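Trainee: So that we are looking at the same thing, I have put the structure below in structure tokens.
The values are calculated or read from the model by the stated rules, or taken from the named source; none is laboratory data. Note that this is a predicted model, so its numbers are computed, not measured. When we count neighbours, we look across all protein chains shown, and the Cβ atoms used for this are built from the backbone with ideal geometry, even at glycine. Quick note on the areas: whole protein, heavy atoms, side chains included, nothing else; ligands and nucleic acids left out. Shrake-Rupley method; radii C 1.70, N 1.55, O 1.52, S 1.80 Å.
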Amino acid sequence: MLEAVLFDLDGTLADTAPDLGGALNQLLHEQGHPPLSMEKLRPHVSSGARGMIGAGLGIAPTDPGYSDLQQRFLGIYQEALCVGTRLFDGMAEHLDELDARAIPWGIVTNKSQRFAIPLIEGLGLRQRCICVVCGDSARRAKPHAHPMHLASAVMGISASRCVYVGDDERDVASGRAAGMTTVVAGWGYLGDGKPPADWGADAIARTPGEILGLTAVTR
């Protein structure tokens, strides 16, 4: 019996692309480059600063100057991290359903606390979720299992009784490593690698409203 639901943040719970994309385009402007469309940037959002800077400037973390660009990008983003960001369509109703059925839910993200906590508060979710595990909360970030085990411990619910929903292959890998049931957020960013059907998840949900039906979570 599954008893709790955990969500990735960017690309699963919330559409953060408008603000992350806006931050990158400001950085591009400062660097003398034209802006990029959200369509081009969206697949890279779940990879954070590394993915966005790579998509915009073709620069990897090992390249000279990456660290300065990363810090500038993050500084821009921190100033406006919940302006255009919204819950995905159907997510608010899904969270209401979880609350109505007294099913605990939480967030496990690789986003640092300095960004994730204010963003979750801005979305009005901080007091509703039972746990928030960030990239710098756990000893190791996803795709390692430790963030999932930490969330499980905070909730007091066995990992084997939790569902993890995410839009990136590393989300599936992390959930599986912890023994959780895994669901791909088919409405999310989904990266630009191999198709979600090849990630090894237990199910793919087309909308947030499908999650409970696919997993039979109950409390």
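Trainee: Could you look through segment 120-176, keep only residues that are assigned to a strand (DSSP E or B) and in contact (Cβ under 8 Å) with a residue 60 or more places away in the chain, and pick out the one that is farthest from the chain's Cα centre (by Cα)?
Mentor: Result: Cys162.
Trainee: Please verify whether segment 120-129 includes one or more residues that are of a type in the set (A, V, I, L, M) and either crowded, with 23+ Cβ neighbours inside 10 Å or touching a Gly at 6+ places or on another chain (Cβ under 8 Å) (or both).
Mentor: yes
Trainee: Go over the candidates Asp63, Asp15, Asp8, Asp89 one by one and state the one that is acidic (Asp, Glu), in contact (Cβ under 8 Å) with a residue 12 or more places away in the chain, surrounded by fewer than 21 Cβ atoms within 10 Å (Cβ to Cβ) and within 25 Å of Gly193 (Cα to Cα).
Mentor: Checking each option against the conditions leaves just Asp89.
Matching residues to (1) of a type outside the set (Phe, Trp, Tyr); (2) in a helix (DSSP H, G or I):
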| site | (1), (2) |
| --- | --- |
| Val5 | yes, no |
| Thr12 | yes, no |
| Leu24 | yes, yes |
| Leu27 | yes, yes |
| Gly48 | yes, yes |
| Gly51 | yes, yes |
| Tyr77 | no, yes |
| Glu97 | yes, yes |
| Ile107 | yes, no |
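Trainee: In this structure, does Gly48 turn out to be more than 18 Å from the chain's Cα centre (by Cα) and open to solvent by less than 40 Å² (accessible area, probe 1.4 Å)?
Mentor: no
Trainee: Being among the charged types (D, E, K, R) and farther than 26 Å from Arg126 by Cβ: is that true of Glu3 here?
Mentor: No, not satisfied.
Trainee: Which residues, counting only those in segment 202-214, are touching a helix residue (DSSP H, G or I) at 6+ places or on another chain (Cβ under 7 Å) and open to solvent by 30 Å² or more (accessible area, probe 1.4 Å)?
Mentor: If the condition is that a residue be touching a helix residue (DSSP H, G or I) at 6+ places or on another chain (Cβ under 7 Å) and open to solvent by 30 Å² or more (accessible area, probe 1.4 Å), then Ile204, Gly209 are the ones that fit.
Trainee: Considering each residue of segment 1-21, count those that are farther than 25 Å from Ile211 by Cβ and over 18 Å from the mean Cα position of the chain (by Cα), and give that number.
Mentor: Selection size over segment 1-21: 0.
Trainee: Turning to a different aspect of this structure: Give the number of residues within segment 131-187 that are on the phi > 0 side of the Ramachandran plot and open to solvent by less than 50 Å² (accessible area, probe 1.4 Å).
Mentor: Of the residues in that region, 1 qualify.
Conditions (1) surrounded by 16 or more Cβ atoms within 10 Å (Cβ to Cβ); (2) out of contact with any strand residue (DSSP E or B) (no Cβ under 6 Å at 6 or more places or on another chain); (3) under 19 Å from Ala185 (Cα atoms), marked per residue:
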{"position": "Met52", "(1), (2), (3)": "yes, yes, no"}
{"position": "Gln70", "(1), (2), (3)": "yes, yes, no"}
{"position": "Gly75", "(1), (2), (3)": "no, yes, no"}
{"position": "Gln78", "(1), (2), (3)": "no, yes, no"}
{"position": "Asp96", "(1), (2), (3)": "no, yes, yes"}
{"position": "Ala102", "(1), (2), (3)": "no, yes, no"}
{"position": "Asn110", "(1), (2), (3)": "yes, yes, yes"}
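Trainee: Does Thr62 count as in a loop (DSSP other than H, G, I, E, B) and in contact with a Gly (Cβ under 6 Å, 6 or more places away or on another chain)?
Mentor: Taking the combined requirement at face value, the residue does not satisfy it.
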